[in-house]
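Undergrad: Sharing a structure below in C-alpha cells format, with a few things to ask.
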Amino acid sequence: MELTTLERLPLWIGGRAVAPTTTRYGEVTNPATGEVIRHVPFANAADVDAAVQAADAAWTTWRAAPALRRARVLMRFRDLLDRHKKDLAKVVTQEHGKTLADAEGSLTRGLEVVEFATGIPHLLKGEYSETVGTDVDSYSLRQALGVCAGITPFNFPAMVPMWMFPVAIACGNTFVLKPSERDPSLSLRLAELLQEAGLPDGVFNVVHGDKEAVDALLRHPLVKAVSFVGSTPIAKYIYATGAAHGKRVQALGGAKNHAVVMPDADLDFATEAIIGAGYGSAGERCMAISAVVAVGDVANSLVEKLAARARNVTVGPGNADKIEMGPVITCAARDRIVGLIDRGVAEGARLVVDGRGPEAQGHAEGFFVGATLFDDVRREMTIYREEIFGPVLCVLRVESLTEAIALINDNPYANGAALFTRSGYAARQFQQHTEVGMTGINVPIPVPMAFYSFGGWRNSLFGDLNVHGADGVRFYTKLKTVTSRWPDDGSAAPGFHMPLMG
C-alpha cells in the first residue's frame, strides 16, 4: 500500500522501538469518523524472529531473578497503569471506538490481573513430602517455560493482553505480544510503562501484523506456549497449528451467551442488566449477552421493557458526553452486522427495534450500528446460530427452565450464561445443569475476578487450561518432581529391581 505522512508505528523489541524490516503496512482507523489515523506494520518472519530471539536472550537472566523481584516490577507497573489510566483509555477509545468509561473499565479489569500476578510467588510454591521411603524425600517445583506468545483481539486491546503477559512474566517467562492490527497503539504504551517500571530489556516485546506474523510465532522453535483470544475458526487453527509444532496452547474462541429470565424475576433489574450486557461496547465482547431466553408468561412484558430501553440507547463517538454506545470497529464489521439483521428479518424473526443506520450527528462516516432487538427468534435462524459480535439482542421464548437449560446446552458455544430469578431452587438447578464455563445468577456478565480463571467449554475454548487465576499459573509453568536420597555409604544402592519406597 502507498504510505502517506501519517505516523508509522514501530515494533518493540529488546526494550526499544524498532523499525520493522517488512514493507507491508495496514491502516488504523478511528471508527467514530472513518478516518485513517496511522499505519501499522505487518511483521514478517524476520521481524518475529528478532523479537523471539530478544525474548530468548532475556529469559536466562529473568528466570533466575528472585520471584519477589519479578513481582515488584509488576507492582510498579500496576501503579503506572493506575496513574495513566485516563490517557490510556483515550488511546483505546480513539482506535477501538468504545466509550471512555468502558475503556477505563477494561483497563481496571486488566489492572486486577496485574495485582493478582504480584502475588504469584505464593502460587509457585511446590509440595514437599519427607521420608516417602527410607531416607528418601520428594518435592515438586514449578518452573518457567521460556518464550511465550500472546495473540490478542481488537475488542479489548488492554484487558486481554493483561490476562496473559503479567502472569507469564511473574512466573519467570519472557513474552512476545501480537496485538490486533486494528487497534495496536496501546500495546506500545504498555511496553513503555513496563520499561519505566524496571522490566529488563527483552522480557516483553511487541510485533504487529496479520497471519504471516501469527504463523511465524506458531512455528518458531523457541516459542514454548501460545495464548489466543478471538473467533472460534481462528482458535481452532491456532490450537491445531501450535500443538502440531510442539507448543502448549490455550485458544479462546467465540460465544453465544444466554440470559434466562424467569417469571419471578425483577424485570426492571433484569432489563437494565441485559441492556448493558447486550449493547455495552457495541456488543463487541466475548461475554456479551446476545440471546435472551424468556420463560413462560414473562416474555411480552420483558420484550416491552427491553424495547423501550433499547430505543433510548444513545449512540455516538466514544469520547463524547452522555454516550452509551460507540461505533463498531470497522466498516466491514458494520456491514456484516447489518447483513445479519437483514437475514433475521428475511428468516421471519420480528424486528422490534431496528438499529440499522442510526444517527450520530457530525459522524456520518463513522461505523455505527444502533441497538437492535429481535423477538420470536427460533434456534435454526442465522441470527441465533452465528456469533453476531454487534449490538443485537435476540429473544427466544420457552415454556420452562428445563427447556431453557436444554437450549443452552445444545448450542455449540459455551462461554457464559446468566439466570434472572428470585428462586434459590431455580438458581441451583441452573448452575448445576448448564454446560458452560461461566455462570451468573442475577449477574449478566459473569467474568470471574483475576484470582479465578476465565474460559468456556465446547467451541469456546481449545486447550485444557483457562486464562489468569490458578490455571494461568499452571499454563505458564511446567511441573517438575524431585525424589532425593543422601546415603552416607553405598549400602543403599537400588540394584536392578524396580525401586521401592517402603
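The values are calculated or read from the model by the stated rules, or taken from the named source; none is laboratory data. These numbers come from a predicted model, not from an experiment. Glycine also receives a Cβ, built like all others from the backbone with ideal geometry; neighbour counts cover every protein chain displayed. For the accessible areas, the whole protein counts, side chains as well, though only heavy atoms, and no ligand, DNA or RNA atoms are used. Shrake-Rupley method; radii C 1.70, N 1.55, O 1.52, S 1.80 Å.
Undergrad: Under the rule of -39500 (n - 2.57) per DSSP H run of 4 or more residues, summed and divided by the residues of the chain, what mean residue ellipticity at 222 nm is obtained, to the nearest 500 deg cm²/dmol?
TA: Details: 16 runs with 189 residues, N = 502.
That calculation yields -11500 deg cm²/dmol at 222 nm.
Undergrad: Label points 7 Å out from Cα along the Cβ direction at Lys211 and Val482: separation in nm?
TA: Spacing of the two 7 Å Cα→Cβ label points: 4.7 nm.
Undergrad: Taking only Cα atoms, what is the 0 to 90° angle, nearest 10, from helix 331-346's long axis to the longest principal axis of the chain?
TA: Once rounded, one gets 50 degrees.
Undergrad: About its Cα centre, what dipole magnitude does segment 22-84 give when the only charges are +1 on Lys and Arg Cβ and -1 on Asp and Glu Cβ, stated in debye to the nearest 20? Spell out each step's value before the answer.
TA: Numbers: 9 positive and 7 negative charges, 103 e Å.
The calculated dipole for segment 22-84 is roughly 500 debye.
Undergrad: Carbon and sulfur together cover what percent of the accessible area of segment 271-341 at a 1.4 Å probe radius? Let's see the in-between values first.
TA: Values: 1210 of 2470 Å².
Within segment 271-341, the accessible surface is 49 percent carbon and sulfur.
Undergrad: Counting only protein heavy atoms, what percent of the accessible surface of segment 368-471 is carbon or sulfur at a 1.4 Å probe? Before the final figure, lay out each step's value.
TA: On the way: 2020 of 4090 Å².
Taking all protein chains in place, segment 368-471 shows 49 percent carbon and sulfur surface.
Undergrad: For segment 413-454, what is the convex hull (Cα atoms) projected area averaged across all directions, in square nanometres?
TA: 3.1 nm²
Undergrad: Give me, ordered by chain and number, the residues 5 or more places off Val132 or on other chains with an amide H under 5 Å from its own placed amide H.
TA: Asp137, Ser138
Undergrad: Only four residue types carry charge here, +1 at the Cβ of Lys and Arg and -1 at the Cβ of Asp and Glu. Report the dipole size of segment 196-295 about the Cα centre in Debye, rounded to the nearest 20. Let's see the in-between values first.
TA: Numbers: 8 positive and 10 negative charges, 147 e Å.
Charge dipole of segment 196-295: 700 debye, to the nearest 20.
Undergrad: Set Lys and Arg Cβ to +1 and Asp and Glu Cβ to -1, take the dipole of segment 175-266 about its Cα centre, and tell me which of His220, Phe204, Val260 lies farthest positive.
TA: My answer, from the dipole projection, is His220.
Undergrad: Another question about this same structure. Per-residue HN-Hα couplings for segment 366-376, Karplus 6.51 cos²θ - 1.76 cosθ + 1.60 at θ = phi - 60°, whole Hz, x for Gly and Pro?
TA: Each residue's phi maps through the Karplus curve to give x, 9, 9, 10, x, 4, 10, 10, 10, 10, 6 Hz.
Undergrad: For segment 108-210, with equal point scatterers placed on the C-alpha atoms only and solvent neglected, what are the log10 I(q)/I(0) values from the Debye formula at q = 0.13, 0.18, 0.23 1/Å, to two decimals?
TA: -0.53, -0.85, -1.26
Undergrad: Taking segment 1-145 as the region of interest, what is the percent of Cα-Cα pairs per 10 angstrom bin, listed from the shortest bin to the one with the maximum distance?
TA: 9, 22, 29, 23, 9, 5, 2, 0
Undergrad: When the chain is fully extended, how far beyond the present Cα-Cα distance does Thr108 get from Leu222, taking 0.36 nm per residue of separation?
TA: Numbers: separation 114, 0.36 × 114 = 41.04 nm, distance 3.23 nm.
Going from the current span to full extension adds 37.8 nm.
Undergrad: Any idea how far the Cα center of segment 394-460 sits from the one of segment 26-81, in Å?
TA: Result: 35 Å between the Cα centres.
Undergrad: So what is the relative contact order of the chain, in percent, for Cα pairs below 8 Å that sit 6 or more residues apart?
TA: Details: 1175 pairs, mean separation 91.7, N = 502.
Contact order relative to length: 18 percent.
Undergrad: Let me ask something additional. Leaving ligands, DNA and RNA out of it, rank Tyr452, Tyr139, Tyr413 by accessible area with a 1.4 Å probe, largest first.
TA: On the way: Tyr452 145, Tyr139 75, Tyr413 40 Å².
Solvent-accessible surface, decreasing: Tyr452, Tyr139, Tyr413.
Undergrad: How would you order 143-153, 167-177 from highest to lowest mean count of nearby Cβ atoms within 10 Å? Walk me through the numbers on the way to the answer.
TA: On the way: 143-153: 24.1, 167-177: 27.2.
My ranking of the peptides, most packed first, is 167-177, 143-153.
Undergrad: Per residue, how much accessible surface does the chain expose to a 1.4 Å probe? Answer in Å², no decimals. Don't skip to the end; give the middle numbers.
TA: Numbers: 20920 Å² over 502 residues.
Accessible area per residue, the chain: 42 Å².
Undergrad: Here is a further query. If the only charges are +1 at each Lys and Arg Cβ and -1 at each Asp and Glu Cβ, what is the size of the charge dipole of segment 250-379 around the Cα centre, to the nearest 20 debye?
TA: On the way: 13 positive and 17 negative charges, 80 e Å.
With Lys and Arg at +1 and Asp and Glu at -1, about 380 debye.
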